[in-house]
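What follows is a single structure, written as structure tokens, with notes after it.
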Amino acid sequence: MKEKRTSDKIDFSFICPSCKIGKIKMTKTIYDVSDGDKMLLIKFECDKCQFSNNDIIPLTTNNAPGKITLKVSNEKDLKSKIYRSPIGRLEIPELELSVEPGPSADFYYTNIEGVLFRFENAVSIYRKNLENDDAEIDELDKILRNLRKALKGEFEFTLILTDLGGGSYILPEDKSKYSFQKFENDEVN
Ligand SMILES: [Zn+2]
């Protein structure tokens, strides 16, 4: 990180998850790095205790609308970073799981492991609310078994991220498993 570009402080009204007394302040700083890329540093700080957290988000990785595909087959792949923009669609066909674009499904920056955890949580909650003789249960249990294997790097799957606006991206740990297919104009419209 060479040069600091802009920085602005935003006061947030949410309560610190650590001390439960202080308020969290969020600072966004954009850095220019080599090759003309930009990085966004988001820092969360409590005004009462030592709690702080950082996220670094590359801003110029992939700007073209298209379909990103990542093959995941081991624990290293699970550490690949992913950012899904509000209009990005994320899916794992082998597990029959997807996240649709939408106004409630906004900022979503995590790694592949984080995506699997969110899916596991969502499927578990859904399953708990079913009657014991529901026909869906066997299928859901199979998905959960495969999700838990996937979290240990023992289940191969494909993660597909489609974004018509071009804001989403994946930073692969292993570039040989990554591919990007740019959409032509007629596919966007
Ligand atoms: Zn605090």
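Values quoted throughout were computed directly from the atomic coordinates according to the rules given, and no laboratory measurement underlies them. A quick note: this is a predicted structure, and the numbers were derived from the prediction, not measured.
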Hull-based mean projected area of the stretch 66-188, where the convex hull spans the alpha carbons, in square nanometres: 8.1 nm²
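Over all distinct Cα pairs, what is the inverse of the mean 1/r for the stretch 84-150, reported as the Kirkwood hydrodynamic radius in Å?
12.9 Å
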Please give the length that would be gained between Lys20 and Cys49 if that part of the chain were fully extended, namely 0.36 nm times their separation in residues minus their C-alpha to C-alpha distance (nm, one decimal). 9.5 nm
List every residue whose amide H lies under 5 Å from the amide H of Gly166, counting only residues 5 or more places away in sequence or on a different chain, with H placed 1.01 Å from N in the peptide plane. Gly66
